[in-house]
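Notes follow once the structure below has been shown.
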Amino acid sequence: MNRKLLLPFRIIGGLAVALTLALAPAARADFEILVTEGGGPTIPIVDGGPLDNNPGDPTIIDVNTAGLNALLVDYNFSQLGATSNRLTGTPFSNDAASLSVSGNAFRSTLAGVATITVQAFDTDYLFPAADPKTMTTAAADIFRNTTAGDSRTFQSSFDPSNSTPPGPGVTSPLLAFVPPVGTGPFGTSNPGVATPLGAQPTPFGISNTTVITLGPSASSQSAQSDNFSGATTITAVPEPASVCLVVVGLGLMTARRLRSRNPRD
């Protein structure tokens, strides 16, 4: 057949393939929460997996805390979740990319000091596309029944390699919260710390890591706890202070949304 006659069919075929790829559902295998207690094994909680109560919503992980708690020793959660806007922003636009986490962790054993780490991450963000980029890190906590040495740290990371699990990338300053000793509640927050990223590629990955350390509790009725939230936001321009407050609100909104399904404080 003449090549000129074949050309329109090749163009139509190419358009059909492009349309099929555009309409194909996006995979969510790289949106996860990793929970590690002390020196124990890491428990992966994958979006849509067996420990996600909300598999139908690919923008949120609502952790099945009963299933998670059965795998833990020194801690329990009454609520834990993460939210990503990777699928709701416009690819190659200058929309802000965001990843937030929230939870309520409390000691389930009475003796000694115990630490638990919660890392949330997502990959394949295609926005914001413009440079230079800025990463804003914000976090808040409410502690109860605290003893000396209790703390929570929070840190964001931008991963230009878009790896799973996340590569070292560019990290934010470490936000550290140390409450006073007492029954509380003791609230503390940081509305936003900006980390310049310069020119960065797309796609990229975002992660943030919470580390909670709580000491011994007098009784199970007065168990130490930390109601925590945190958010990582990537923008194409430096973040104004007014928008930083919205970043904290994102984590708090996630906490309220998930806590409505888990009434324990």
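The values are calculated or read from the model by the stated rules, or taken from the named source; none is laboratory data. Note that the structure is predicted; figures quoted are calculated from it, not measured. Positions of Cβ are backbone-derived with ideal geometry, glycine not excepted, and every protein chain shown enters the neighbour counts.
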(message) Criterion first (more than 16 Å from the chain's Cα centre (by Cα) and either within 20 Å of Asn208 (Cα to Cα) or in contact (Cβ under 8 Å) with a residue 60 or more places away in the chain (or both)) does Phe121 satisfy it?
(response) no
(message) Going by what's in this entry, would Thr146 be described as buried (at least 18 other Cβ atoms within 10 Å of the Cβ) and of a type in the set (Ser, Thr, Tyr)?
(response) yes
(message) Being surrounded by fewer than 22 Cβ atoms within 10 Å (Cβ to Cβ), modelled with pLDDT of 95 or more and among the hydrophobic types (A, V, I, L, M, F, W, C) is the filter here; which residues of the range 205-238 pass it?
(response) Val211, Ala236
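The rows are residues; the columns are (1) free of Cβ contacts under 8 Å to residues at least 40 places away in the same chain; (2) assigned to a strand (DSSP E or B); (3) surrounded by 14 or more Cβ atoms within 10 Å (Cβ to Cβ); (4) among the β-branched types (Val, Ile, Thr).
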| residue | (1), (2), (3), (4) |
| --- | --- |
| Asp30 | no, no, yes, no |
| Phe77 | yes, yes, yes, no |
| Ala82 | no, yes, yes, no |
| Thr90 | yes, no, no, yes |
(request) Would you please list the contacts, defined by Cβ atoms under 8 Å and residues six or more apart or on different chains, that run from a residue in the range 57-70 that is over 24 Å from Ser98 (Cβ atoms) to a residue that is buried (at least 16 other Cβ atoms within 10 Å of the Cβ) and polar (S, T, N, Q)? (result) Asn69/Asn76; Asn69/Ser108
(request) Output the number of the condition that Pro179 fails; it satisfies all remaining conditions of (1) on the phi < 0 side of the Ramachandran plot; (2) surrounded by fewer than 21 Cβ atoms within 10 Å (Cβ to Cβ); (3) free of Cβ contacts under 8 Å to residues at least 40 places away in the same chain; (4) not aliphatic (A, V, I, L, M). (result) (2)
